[in-house]
Structure formats: C-alpha cells, structure tokens
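*Asks:* Let me give you the structure first, and then I'll get to my questions.
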C-alpha cells in the first residue's frame, strides 16, 4: 500500500505522479528533493479542502468586473445623452459608475464575490476557509490599496507590485495579505 504524501507548503495530499501541487502550485520535485533525508512529511493539523484560483481566473475576473463597470457607465451615459442631452450624460455616467461600484461592494460584503468572480466560479475566503464580509473584502482588500493608488508615483508602484505578487507560489497579492484572504475555486460537492 502506498503511503500518503502531503505538500510541505500547504498540506494538501498529492499523488506520486503529480509534478506540482494542485492547491498551491509549488514544484513538488524541488520540495521533495530537498526532503530526501527526511523519513516522512507529516500531514497538517488542519485539513485543506480547497484549490487556489488560478492566476488566469483571477485576472479574467478583474477584467470582467472592469468591462462591466465601463459598460454601465457608457450605456447609461449614451442613453442620457441621446434622450436628455450631453450635459446630463456625464452626471448619469458618474451615477451609473458609482451604483455599479456600490453593487460590487454589496456582493463582496454578502457573498464574498464580485460579478467577475461569480462568472469565473471563484470566491474569497479567510484563513479559516470562511467567506469574508465588508471589513475584509471591501475595506482591507479594495480600499487600502485603492487609496494608496491615488498617490501619483508611489500609488502606481504599489498597484503594480500588488498585481505582480500573484506570481508568488501562494498566489496572494498584497491586498490578500493585508486582509488575510485567499481566492479559491468553488468546487462542486
């Protein structure tokens, strides 16, 4: 009978044929070659039953959110410009943009997803595996980096670094670390 093996990085069980961990994406060959002299890898004290969302799914979710936001602004602005006149179109577009943003924040606070995340079948969880609320998802994940992003040079650098952190093995951006969150796939049970 074959002995179970667990990823040293995240604790998820894996098969001998796996090259990368299905949960955290770490190179199992590299990890295992560093552990040649250890007798066994102990399973973690807590079970992990989630799979991290891929970088592509997270990027596509953000792009869907951005596209939907732009569409809301453009469609409402265009309708008002055609029906009422150009001057009020700007006000309508701003109201549409704010309304869309508030709706996205509502979704983040209540179901731990935006429209893009729902479309990509991913969700934000805390360190205990639970969906998060307004404080975590909106204030810590969105507003802190967003406010820093308003500063001309530092903001651009922070936003870029935040995005590039997705290439870490744990796929957590700076906003994930600030909020203590992970983005995972929703699995059919």
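*Asks:* From the list 139, 80, 166, 102, which one is over 30 Å from residue 21 (Cα atoms), surrounded by 13 or more Cβ atoms within 10 Å (Cβ to Cβ) and either more than 15 Å from the chain's Cα centre (by Cα) or modelled with pLDDT under 95 (or both)?
*Replies:* 80
*Asks:* Assigned to a helix (DSSP H, G or I), more than 15 Å from the chain's Cα centre (by Cα) and over 23 Å from residue 24 (Cβ atoms): is that true of residue 158 in this structure?
*Replies:* So residue 158 passes the test.
*Asks:* Between a residue in the range 81-97 that is more than 18 Å from residue 69 (Cβ to Cβ) and any residue that is in a helix (DSSP H, G or I), which pairs come within a Cβ distance under 7 Å, given they are 6 or more apart or on different chains?
*Replies:* 81/89; 88/80
*Asks:* Filter the range 111-124 down to the residues that are in contact with a strand residue (DSSP E or B) (Cβ under 9 Å, 6 or more places away or on another chain) and surrounded by fewer than 18 Cβ atoms within 10 Å (Cβ to Cβ), then identify the one that is nearest to residue 51 (Cα to Cα).
*Replies:* Checking each candidate, the answer is 121.
*Asks:* Now, a different point. Quick one: which helices (runs of 4 or more DSSP H) lie wholly within the range 45-140 and hold at least 3 residues that are within 30 Å of residue 8 (Cβ to Cβ)?
*Replies:* So the answer is 55-83.
The values are calculated or read from the model by the stated rules, or taken from the named source; none is laboratory data. Nothing here was measured: the structure is a model prediction, and the numbers come from that model. With ideal geometry, Cβ positions are generated from the backbone for all residues, glycine too; neighbour counts draw on all protein chains shown.
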